[in-house]
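A short write-up of the structure that comes next.
The values are calculated or read from the model by the stated rules, or taken from the named source; none is laboratory data. What you are looking at is a predicted structure, and each value in this text was computed from that prediction instead of being measured. Glycine gets a Cβ as well: all are built from the backbone with ideal geometry, and neighbour counts include every protein chain shown.
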Amino acid sequence: MGNLLHFYRAYSNRASAESLESFYGRYKPQVFEDGLSCVGLGLHMSEALFRTFPGAAPFLVSCEEMVQDVDNYCRADPPDNSSIKEHVLVGLSVRVKEGGRRGIIVLDPGYHIALPVVVMEDGLAPHTGRFVQSNTAKSVKEYCYTTVPDTCGRYMCWNVSETRAGSTKTWDNILYVGSDFKSALSYSEMRNLVYDFRTLVARDAKGPTAGIYCKLTEANRNPIFTFFYTEQGKRKEVKVPFCVFGSNFLGPEPDADLEAAVGACAAQVGMDVGEVLRILSEMSELYDDVDFVAELLELNHRVDPSDV
């Protein structure tokens, strides 16, 4: 949520009247510590790896999510300008001394994958293979990373399998590992700014543990914040309308459940209650700017028409 709020403040303080599209076109994205996306997290991880292991050469990896035609997408080298590249990871090239076998270690702080994923070109040990990324009461999600055949090791397939209510869906995300993704800020961060789904989340090795999320396209303009946190070893959820955190809210005082949810979420994501309330209040005020939200959603659709 933080990077969107920084963007909205900059737009609100613009010197002259202009459309959001025009402002978006000239906006220079930055890494904000209170709004780290996969780009900021990837940059921080790369810097930390280089400091800790001076001989290492970490690089940013671009990722196209939910690719329908993998073979067609991988024909271009690098991906062509039609690519959205909405996600960024970190890669480390490795070579097994005996036999000279090549591979890449993939690190994904943006999706908070707890383990370094080893992807060997030949698929042999120490190749990680398929693993369970998250296992909750609602769903089980499995990941598997492999080199895309006949791409000289420059493309990687990240297969996702999600089972929910007895039904399983699978899809492929494609990583380009042929070179360092040097335009992550100007490309992926810019794409991230206009997403309609916003989160503030803490995770551990098993997946999300606490946080808040919202979607800006709720029906009838009645969006909600969903708070989730761990209580006595179980996940608890509380849903609260945006308007409760707005400056013009005239309803009753927040009840004990809401106060408990805010307090638990704040503690479990490592923030002060006051800071969490400030973010929620600013998100509520942002949503009250009807023209801004309408233009933001239009930009999101134009960037990726499939994102509905």
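Scanning the range 298-306 turns up at least one residue that is out of contact with any Ser or Thr (no Cβ under 9 Å at 6 or more places or on another chain), under 25 Å from Ser188 (Cα atoms), touching a residue at least 12 places away in the same chain (Cβ under 8 Å) and assigned to a loop (DSSP other than H, G, I, E, B). Here the range 87-111 is the region considered, the condition is being within 16 Å of Leu43 (Cβ to Cβ) and either in a loop (DSSP other than H, G, I, E, B) or of a type in the set (Gly, Ala, Ser) (or both), and the residue that is modelled with the lowest pLDDT is Tyr111. Inspection of the range 47-65 finds a residue satisfying the criterion of being surrounded by 13 or more Cβ atoms within 10 Å (Cβ to Cβ), touching a Pro at 6+ places or on another chain (Cβ under 9 Å), more than 28 Å from Gly270 (Cβ to Cβ) and outside the structural domain of Glu298 (by TED's automatic domain parsing).
Residues that are surrounded by 13 or more Cβ atoms within 10 Å (Cβ to Cβ) and of a type in the set (Ser, Thr, Tyr), at least 2 per element: which strands (runs of 3 or more DSSP E) completely within the range 122-182 meet that?
Qualifying strands (runs of 3 or more DSSP E): 139-147, 155-164.
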